[in-house]
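Asker: Sharing a structure, written as structure tokens. Questions coming.
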Amino acid sequence: MLQIQLPDGSLVEHPDSATALDVAAGIGSRLAKAVVAAKVNDRIIDAFRPLAELTDLSPIPLQLLTDKDPEALDVLRHSSAHVMARAVMRLFDGVSLAFGPTINNGFYYDFDLDHKLSEDDFAAIEKEMAKIVKESEPFEQFSMDRSQAIQLCQDLGQALKVEHIETGLAEHDQLGFYRQGEFVDLCRGPHIPDAGKIKAFKLLSVAGAYWKGDAKGKQLQRLYGTAWFSSKDQQDYLDQLEEAKRRDHRVLGKKLGLFHINPEVGSGLCLWLPKGARVRVLLEDFLRNELLNRGYEPVYSPHIGRVELYETSGHFPYYRDSQFPPLFVEQAGGLIDAWIDRLQSEAGLSADEEMRLSDAAEVLGVELPDYKPTDDVATRIATLQAWQRQHERYLVKPMNCPHHAQMFRAQPRSYKQLPLRLMEFGTVYRYEQTGELNGMLRVRGLTQDDAHIFCTSEQVEEEFRNTIELTRFVLESVGLSDYRIQLSLRDPKSDKYVGSEENWNKAEAALRRVLEQSGLNFHAEEGEAAFYGPKADFMVRDCIGRQWQLGTVQLDYNLPERFKLEYVGPDNAMHRPVMIHRAPFGSMERFVGMLIEHFAGAFPLWLAPEQVRILPLSEKTNEYALQIEQQMKAVGLRVSTDVRGAKVQAKIRDAQLELIPYMAVVGPKEAETGAIALRDRLEGDLGALPIEQVLQKLQTEVQQRTIRQVAKHSEILEPTQETSSGLHEY
RNA sequence: GCUGCUGUAGCUCAGUGGUAGAGCACUUCCUUGGUAAGGAAGAGGUCAUGGGUUCAAGUCCCAUCAGCAGCUCCA
């Protein structure tokens, strides 16, 4: 007999062959029908398999999962992925299955097949899925040893599964399979008892994906879908997707005249139109003011710098491919650059090619008396690099830190001057891959609200604490109070980082210590660090539950070393400072893009590009309206007057659609009494008020940076996460 | 960068090989009004760019550029 302990602590006994479904049936038939999966400790298991196969514990701490449990949803979706794959295999020939995991709010399955899937196929696939769901066939599980499993996958014609068993699952002796009707899939599970539990599902999109996420690997077709326990839940989710779409900053940015991106300027290069620029200026002024109060000193640095500067910092070699190529003062610079590249490449250069390059260089007026094709490759490269150093090459700056490091070096530094906090809204350029560009969120020219703090190692923790506090203050002032911090550490297995083990250990330990002391919600993530140091990244949840990576604070013991930064300590000896890189907004482009989506374009009064629109009832009151406009402008409000010969209803409609927070309707009645009929974009007509009272009200709202409206937080949309649950890996 | 889809007026889109369209926005005129669209007229297009097929191309084919979705990347 099995001893089973239920969540309320009670113990029940069942025969050795009992499943979680049997346990549920023992409690009640309605429960048995509702059970989707079960949980033993933290492990989710199949409700339809004998418990004895799944655990050695006694008593077994069993929790039954029904459609009320979020974890059950994950199981449902995984099974839905199987149903979808089954439908696709019924409809198309030669389908090779890859992976079909769950993701937040849904699932996908990757296929290798000749037919190009498109949205036109969705109806047929969904219809086939509906058939499978209606048949309500049970899921069954079985295991096999390696050779049998490989044989089975070969018999099924599943080459990718065979490859996965041989590589990814090389350490597994036993491999699990699930069968549902004619469909058999290598799978760890768990699954729902039968397909009939899927009450709502929908295919969402089709896209390319790589086999095992490797960009060099085979290109597969990925079908995305979602599944739910009720069609109402599904509809809520689809509505939520619509809501996110409605907030798309690219659409709103166009509609509201905030920014513009066009190919004649260049992709990924953002033109800030007056209204968008206004929002940015307000944010910059707000932050600059705050930083001045906190002991930062503004600096300016140029948009380009010599390549050697970035060779020193390490950015140039490390990010070569995602930078705009160097600017050469000497015409032949590009030739020499390519020459070095070829020498460094695996293929190298043939004697003939070398000759032709030499000739070309000569034509361009390059003299290389020391270059001898008989020298070894390293010597030849060194000769060419020596030429490069004598002939300036510049980089459009991809980062501000090297410039700021040079500012530190501009004069001898004493410990008495530390911490030195240099701030700059620094515009940098990065050649992001074309597929990455996305409105303002991912651009090729961006302005960081950058600053670098140079301090002693004793000051590190306090400075770091202050920057964390600053970032929180800044986020909360725009109503972003739901965030957590990701402690981004190096990947111990990778060699892409610069600096000593010792420096890294110091930096990582310091960050962790401060975060622990602060009591903030944080989690560590390996492999997410910058190449020169660990980071604390702010992951911010917006009002509809989406997660954004915004501000960052980075601790850096390495660039000071690379730039040989020093200060004189109280002991009259030279010491190396520590650098803290930090940007509470991240970049102005990304931050404003996010804000547009967060507020759905309706900025709070303090950030609204236009705060008040004055609407004269007819042209007869235009003069009074303009007089009000002057009064409002005099107290710093951003106002315009709609003097068109349109009806007030039309003017109101336009102002509403432009998301202007307040409207001031003025007609003969108001002109007579010196009043304003104030209309609130959210509340509607507030009635006639004396001018002074309106000015007072609006000024207060601006000063307090009141946030009056954000969307209700959705219960349906789960927070987006960087990684999927990891529950179903194969 | 890869895979797929898309590119027609300022915006949203219709137009499946035979004379380039609608709504909104814009301009002018009429209307002078009380809290989400008053009326009329007008102007606006090398149909992304470059090639090709065809008697004939917005429409079919190829390339390039750009956008979108996903993957990969992100100092």
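The values are calculated or read from the model by the stated rules, or taken from the named source; none is laboratory data. All values derive from a computational prediction rather than experimental measurement. We place every Cβ from the backbone using ideal geometry, glycine too, and count neighbours over all the protein chains shown. Accessible surface is based on the protein model in full, side chains and every heavy atom, while ligands, DNA and RNA are left aside. Shrake-Rupley method; radii C 1.70, N 1.55, O 1.52, S 1.80 Å.
Asker: Among (1) modelled with pLDDT of 95 or more; (2) surrounded by fewer than 17 Cβ atoms within 10 Å (Cβ to Cβ), which single condition is A:Leu682 missing?
Answerer: Just one mismatch for A:Leu682, condition (1).
Asker: Inside the range A:397-426, can you point out the residues that are farther than 18 Å from A:Gly314 by Cα and within 13 Å of RNA strand B (Cβ to nearest atom)?
Answerer: A:Gly426 - this is the single residue of the range A:397-426 that is farther than 18 Å from A:Gly314 by Cα and within 13 Å of RNA strand B (Cβ to nearest atom).
Asker: Would the range A:126-137 turn up any residue that is closer than 29 Å to A:Glu166 by Cα and either modelled with pLDDT of 90 or more or assigned to a loop (DSSP other than H, G, I, E, B) (or both)?
Answerer: Residues of the range A:126-137 that are closer than 29 Å to A:Glu166 by Cα, as a first pass: none.
No, the conditions are met nowhere in the range A:126-137.
Asker: Related question: What's the total number of residues in the range A:58-108 that are in a helix (DSSP H, G or I) and open to solvent by 40 Å² or more (accessible area, probe 1.4 Å)?
Answerer: First, pick out the residues of the range A:58-108 that are in a helix (DSSP H, G or I): A:70-91.
Filter once more, so that each one left must be open to solvent by 40 Å² or more (accessible area, probe 1.4 Å): A:70-71, A:89-91.
Number of matching residues: 5.
Asker: Step by step: first the residues of the range A:207-226, then only those that are open to solvent by less than 30 Å² (accessible area, probe 1.4 Å) and within 23 Å of the chain's Cα centre (by Cα), then the one that is nearest to RNA strand B (Cβ to nearest atom). Which residue is that?
Answerer: A:Ala209
Asker: Can I ask one more? Counting only residues that are hydroxyl-bearing (Ser, Thr, Tyr) and closer than 19 Å to A:Phe473 by Cβ, how many does the range A:538-569 have? First the steps, then the outcome.
Answerer: Filtering the range A:538-569 down to residues hydroxyl-bearing (Ser, Thr, Tyr) leaves A:552, A:557, A:567.
Okay, now just the ones that are also closer than 19 Å to A:Phe473 by Cβ, so A:552.
Adding up the residues that qualify gives 1.
Asker: Applying the selection to the range A:154-186, what residues are aliphatic (A, V, I, L, M), in a loop (DSSP other than H, G, I, E, B), closer than 16 Å to A:Lys212 by Cβ and in contact with a strand residue (DSSP E or B) (Cβ under 8 Å, 6 or more places away or on another chain)?
Answerer: Initial filter on the range A:154-186 (aliphatic (A, V, I, L, M)): A:156, A:159-160, A:162, A:165, A:169-170, A:175, A:184, A:186.
Imposing the further condition that a residue be in a loop (DSSP other than H, G, I, E, B) reduces the set to A:156, A:169-170.
In the following step, the residues that additionally are closer than 16 Å to A:Lys212 by Cβ were identified as A:169-170.
Listed by number, the list holds a single entry, A:Leu169.
Asker: Of the residues A:Arg49, A:Arg86, A:Arg43, which is touching a residue at least 24 places away in the same chain (Cβ under 8 Å), among the basic types (Lys, Arg) and not assigned by TED's automatic domain parsing to the domain that holds A:Glu128? First the steps, then the outcome.
Answerer: Values: A:Arg86 fails: not assigned by TED's automatic domain parsing to the domain that holds A:Glu128; A:Arg43 fails: touching a residue at least 24 places away in the same chain (Cβ under 8 Å).
Every option except A:Arg49 fails the conditions.
Asker: May I ask you to list the residues in the range A:361-381 that are surrounded by 14 or more Cβ atoms within 10 Å (Cβ to Cβ) and in a helix (DSSP H, G or I)?
Answerer: Hits for the range A:361-381 are A:Ala361, A:Arg380, A:Ile381.
Asker: Of the numbered conditions (1) buried (at least 23 other Cβ atoms within 10 Å of the Cβ); (2) outside the structural domain of A:Ala675 (by TED's automatic domain parsing); (3) more than 30 Å from A:Leu283 (Cβ to Cβ); (4) touching an Asp or Glu at 6+ places or on another chain (Cβ under 8 Å), A:Phe585 satisfies every one except a single condition; which is it?
Answerer: (3)
Asker: Please list, ordered by first then second residue, the pairs with beta carbon atoms under 9 Å, 6 or more apart or interchain, first in the range A:298-320 and open to solvent by 70 Å² or more (accessible area, probe 1.4 Å), second acidic (Asp, Glu).
Answerer: Taking only residues 6 or more apart or on different chains, the pairs are A:Pro298/A:Glu424; A:Tyr300/A:Glu424; A:Arg306/A:Glu392; A:Pro317/A:Glu311.
Asker: Here is a further query. Please state which of the following conditions A:Glu683 fails to meet, knowing it meets all the rest: (1) over 25 Å from A:Asp248 (Cα atoms); (2) without any contact (Cβ under 8 Å) to a residue 24 or more places away in the chain.
Answerer: (1)
Asker: Could you tell me which of the residues A:Val665, A:Val639, A:Val635, A:Val612 is in contact (Cβ under 8 Å) with a residue 12 or more places away in the chain, open to solvent by 40 Å² or more (accessible area, probe 1.4 Å), more than 27 Å from A:Leu550 (Cβ to Cβ) and touching a helix residue (DSSP H, G or I) at 6+ places or on another chain (Cβ under 8 Å)? Working first, answer last.
Answerer: Details: A:Val665 fails: open to solvent by 40 Å² or more (accessible area, probe 1.4 Å); A:Val639 fails: open to solvent by 40 Å² or more (accessible area, probe 1.4 Å); A:Val612 fails: open to solvent by 40 Å² or more (accessible area, probe 1.4 Å).
Sole residue among the options that is in contact (Cβ under 8 Å) with a residue 12 or more places away in the chain, open to solvent by 40 Å² or more (accessible area, probe 1.4 Å), more than 27 Å from A:Leu550 (Cβ to Cβ) and touching a helix residue (DSSP H, G or I) at 6+ places or on another chain (Cβ under 8 Å): A:Val635.
Asker: Would you pick out the residues in the range A:478-499 that are touching a residue at least 12 places away in the same chain (Cβ under 8 Å), surrounded by fewer than 18 Cβ atoms within 10 Å (Cβ to Cβ) and of a type in the set (Ser, Thr, Tyr)?
Answerer: Result: A:Ser494, single match.
Asker: Taking the range A:559-582, which residues are β-branched (Val, Ile, Thr) and open to solvent by 40 Å² or more (accessible area, probe 1.4 Å)?
Answerer: In the first step, residues of the range A:559-582 are kept if they are β-branched (Val, Ile, Thr); the result is A:568, A:578, A:580.
Correct list: A:Val568 only.
Asker: Report yes if A:Ala410 is aliphatic (A, V, I, L, M), surrounded by fewer than 17 Cβ atoms within 10 Å (Cβ to Cβ) and touching a residue at least 12 places away in the same chain (Cβ under 8 Å), otherwise no.
Answerer: Working: aliphatic (A, V, I, L, M): yes; surrounded by fewer than 17 Cβ atoms within 10 Å (Cβ to Cβ): yes; touching a residue at least 12 places away in the same chain (Cβ under 8 Å): no.
The answer is no for A:Ala410.
Asker: Which of the residues that make up the range A:28-40 are within 21 Å of A:Leu11 (Cβ to Cβ), in a helix (DSSP H, G or I) and touching a residue at least 12 places away in the same chain (Cβ under 8 Å)? Show your work before the answer.
Answerer: Of the range A:28-40, the ones within 21 Å of A:Leu11 (Cβ to Cβ) are A:28, A:31-32, A:35, A:38-40.
Imposing the further condition that a residue be in a helix (DSSP H, G or I) reduces the set to A:31-32.
Scanning the range A:28-40 gives a single hit, A:Leu31.
Asker: Quick check, is A:Lys202 under 26 Å from the mean Cα position of the chain (by Cα), more than 9 Å from RNA strand B (Cβ to nearest atom) and closer than 15 Å to A:Met84 by Cβ?
Answerer: On the way: under 26 Å from the mean Cα position of the chain (by Cα): yes; more than 9 Å from RNA strand B (Cβ to nearest atom): yes; closer than 15 Å to A:Met84 by Cβ: yes.
Against the criterion (under 26 Å from the mean Cα position of the chain (by Cα), more than 9 Å from RNA strand B (Cβ to nearest atom) and closer than 15 Å to A:Met84 by Cβ), A:Lys202 qualifies.
Asker: Being away from RNA strand B (no atom under 11 Å from the Cβ) and farther than 18 Å from A:Glu561 by Cβ is the filter here, so list the residues in the range A:427-455 that pass it.
Answerer: Within the range A:427-455, A:Thr427, A:Gly445, A:Thr447, A:Asp449, A:Ala451 qualify.
Asker: Given the residues A:Thr706, A:Thr641, A:Thr673, which is the only one that is polar (S, T, N, Q), closer than 21 Å to A:Lys275 by Cβ and more than 38 Å from the chain's Cα centre (by Cα)? Break it down into steps so the answer makes sense when it comes.
Answerer: On the way: A:Thr706 fails: more than 38 Å from the chain's Cα centre (by Cα); A:Thr673 fails: closer than 21 Å to A:Lys275 by Cβ.
Every option except A:Thr641 fails the conditions.
Asker: Follow-up question, since we're still on this one. With closer than 25 Å to A:Ala20 by Cα and within 35 Å of the chain's Cα centre (by Cα) as the only criterion, which of A:Glu140, A:Glu71 stands out? Working first, answer last.
Answerer: Details: A:Glu140 fails: within 35 Å of the chain's Cα centre (by Cα).
On inspection, the qualifying residue turns out to be A:Glu71.
Asker: Additional query: Anything in the range A:251-303 that is at pLDDT 95 or above and hydroxyl-bearing (Ser, Thr, Tyr)? List them, or say none.
Answerer: If the condition is that a residue be at pLDDT 95 or above and hydroxyl-bearing (Ser, Thr, Tyr), then A:Tyr296, A:Tyr300, A:Ser301 are the ones that fit.
Asker: On to the next question. Can you tell me which residue within the range A:645-662, out of those that are near RNA strand B (Cβ under 7 Å from one of its atoms) and assigned to a loop (DSSP other than H, G, I, E, B), is least open to solvent (accessible area, probe 1.4 Å)? Before the answer, list the steps.
Answerer: Here is the first cut: in the range A:645-662, the residues near RNA strand B (Cβ under 7 Å from one of its atoms) are A:645-650, A:652-653, A:656-657.
So of that shortlist, the ones also assigned to a loop (DSSP other than H, G, I, E, B) come out as A:645-647.
Working: A:Gly645: 75, A:Ala646: 34, A:Lys647: 143 Å².
For the range A:645-662, the residue satisfying everything is A:Ala646.
Asker: Kindly indicate the residue of the range A:267-304 that is under 23 Å from the mean Cα position of the chain (by Cα) and not aliphatic (A, V, I, L, M) and also nearest to RNA strand B (Cβ to nearest atom) among those meeting that condition.
Answerer: So the residue we want is A:Ser267.
Asker: Next up: Among the candidates A:Phe522, A:Phe464, A:Phe473, single out the residue that is in the same structural domain as A:Ala583 (by TED's automatic domain parsing) and open to solvent by less than 10 Å² (accessible area, probe 1.4 Å).
Answerer: Values: A:Phe522 fails: open to solvent by less than 10 Å² (accessible area, probe 1.4 Å); A:Phe473 fails: open to solvent by less than 10 Å² (accessible area, probe 1.4 Å).
Selected residue: A:Phe464, the only one of A:Phe522, A:Phe464, A:Phe473 that is in the same structural domain as A:Ala583 (by TED's automatic domain parsing) and open to solvent by less than 10 Å² (accessible area, probe 1.4 Å).
Asker: Only residues that are touching a residue at least 40 places away in the same chain (Cβ under 8 Å), open to solvent by 20 Å² or more (accessible area, probe 1.4 Å) and under 18 Å from A:Ala81 (Cβ atoms): list them for the range A:135-165, please.
Answerer: Kept after step one, since they are touching a residue at least 40 places away in the same chain (Cβ under 8 Å), are these residues of the range A:135-165: A:135-141, A:157-161, A:164.
Narrowing the set further to residues that are open to solvent by 20 Å² or more (accessible area, probe 1.4 Å) leaves A:135-138, A:140-141, A:157, A:159.
Passing the criteria: A:Glu135, A:Ser136, A:Glu137, A:Pro138, A:Glu140, A:Gln141.
Asker: I'd like the residue in the range A:422-443 that is outside any strand (DSSP E or B) and more than 17 Å from A:Gly253 (Cβ to Cβ) and, out of all such residues, is least open to solvent (accessible area, probe 1.4 Å).
Answerer: Restricting to residues being outside any strand (DSSP E or B) and more than 17 Å from A:Gly253 (Cβ to Cβ), the top hit is A:Glu432.
Asker: Without any contact (Cβ under 8 Å) to a residue 24 or more places away in the chain and of a type in the set (Gly, Ala, Ser): does that describe A:Ala130?
Answerer: Working: without any contact (Cβ under 8 Å) to a residue 24 or more places away in the chain: yes; of a type in the set (Gly, Ala, Ser): yes.
Judged against the criteria, A:Ala130 is a match.
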